[in-house]
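The values are calculated or read from the model by the stated rules, or taken from the named source; none is laboratory data. Keep in mind it's a predicted model, so treat the numbers as computed, not measured. Remember, those area values only see protein heavy atoms, side chains included, never the ligands or the DNA or RNA. Shrake-Rupley method; radii C 1.70, N 1.55, O 1.52, S 1.80 Å.
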Amino acid sequence: MDDLAILGTGLIGGSIGLAVRRGEPGARVVGYDGDGASARHALERGAVTEIRASLESAVEGASLIVVALPADLVASALAAIREAVTPSAVVTDVASAKAHVVAMGESLFGGRFVGGHPMAGSEQGGITAADEGLFEGARWILTPTEATDHDAYSKVARFVGRLGAGVVAVDPALHDALLARISHVPQVVASAVVEAAASGGDEKAHLALAANGFRDVTRIAASPPDLWVSILRSNPEAVVEGLNRVGEGLGRVAGMIEEARWGELRAWLEHARTARTELFAKPGRAPEAVALAMLIPDRPGVLAEVTTAAGKLGANIEDLRIVHSPEGGRGLLELSVAGAAAAGELTGVLEGLGYHVLAGDLETNRQGDL
């Protein structure tokens, strides 16, 4: 295990540390948190092996740095550690908004910055809620661009895999638009539902009548408000667009009810029911990884093009590496993709982009084609 620095020892940072040390008890994990009590608690729980008093000192000597601070503090933290980071170190983050953070990270660290966002969490926050199994079976979005160094991306992808998560690559701007719809907007809507239910009378009496449906819909409204102010501040345009879309949808539903268009209303409800059922259908056995290999030219943007294609399909890239040709000019990109169906679909897309995807034993391909 490379020397790891975790900046921010709350729910996500603490869970990363616990997961790393569960798998590798001897791993050295340096932690930092502006909240000294959180940092000390992380040390007591074993999420980190030592704590440092500053961002700069925490990253000294680290080969992998994970910035797990609140979303609106990530950019300033990246700027603060720039001079202290080892030239070969890889830097990643876990912020739930990516476009601004990735632009900032690449301006400071070039291709060694790899934006990330684990799709896991809890309505509870802080190191006390940290869980070594938080990322098991979760998806972890990485946001490569044309500037991303392939070795840096591979290093972060392998690290994420060791935490139990599956990697999905998504363009930073697309990430922000998607997350507004599936995470940020639902958080605001849940809070709005609670606010509506609690208004106009005896709040406690009203909420005491709530059954499981209300509790399920509004569970995330119990999340820490400071956390969500930080997140919403980091992705305002996409969130506002998403809220406007929800408002328009609710307006249409109100019209159906007012005008007694019950058939239309039923079709709307059925569409939502079907989508929800299919989206969260219980999965069967985890798909086996399928190896793909492809010859690639030595030019900027290839990695981003391939991983973004996978992200659009929802294909999990479990591992990735590039074997360079001794003559230069091209290399062999090896991918490990979860599931034969996803691998087949991705192969078709990549060949449509002009790549030749190789099948069979990777070692044979590596020796015969380079």
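On the given criteria, is G328 modelled with pLDDT under 65, more than 27 Å from the chain's Cα centre (by Cα) and either at positive phi or outside any loop (DSSP other than H, G, I, E, B) (or both)?
yes
Pull up segment 73-101, narrow it to residues that are of a type in the set (D, E, K, R) and either modelled with pLDDT of 95 or more or open to solvent by 60 Å² or more (accessible area, probe 1.4 Å) (or both), then point me to the one that is nearest to A37 (Cα to Cα). Give the derivation first.
If we filter segment 73-101 for residues that are of a type in the set (D, E, K, R), which is where we start, we get 82-83, 93, 98.
If we keep only those that are either modelled with pLDDT of 95 or more or open to solvent by 60 Å² or more (accessible area, probe 1.4 Å) (or both) too, we end up with 82-83, 93.
Values: R82: 26, E83: 27, D93: 22 Å.
Among them, the one singled out is D93.
Please go through segment 1-17 and pick out each residue that is open to solvent by 10 Å² or more (accessible area, probe 1.4 Å) and outside any helix (DSSP H, G or I).
M1, D2, D3, G10
Against the conditions (1) of a type outside the set (G, A, S); (2) assigned to a helix (DSSP H, G or I); (3) open to solvent by less than 50 Å² (accessible area, probe 1.4 Å), where does V167 fall short? Just the number, please.
Single failed check for V167: (2).
Within segment 142-163, how many residues turn out to be under 13 Å from the mean Cα position of the chain (by Cα) and either open to solvent by 20 Å² or more (accessible area, probe 1.4 Å) or not hydrophobic (A, V, I, L, M, F, W, C) (or both)?
Total satisfying the criteria: 3.
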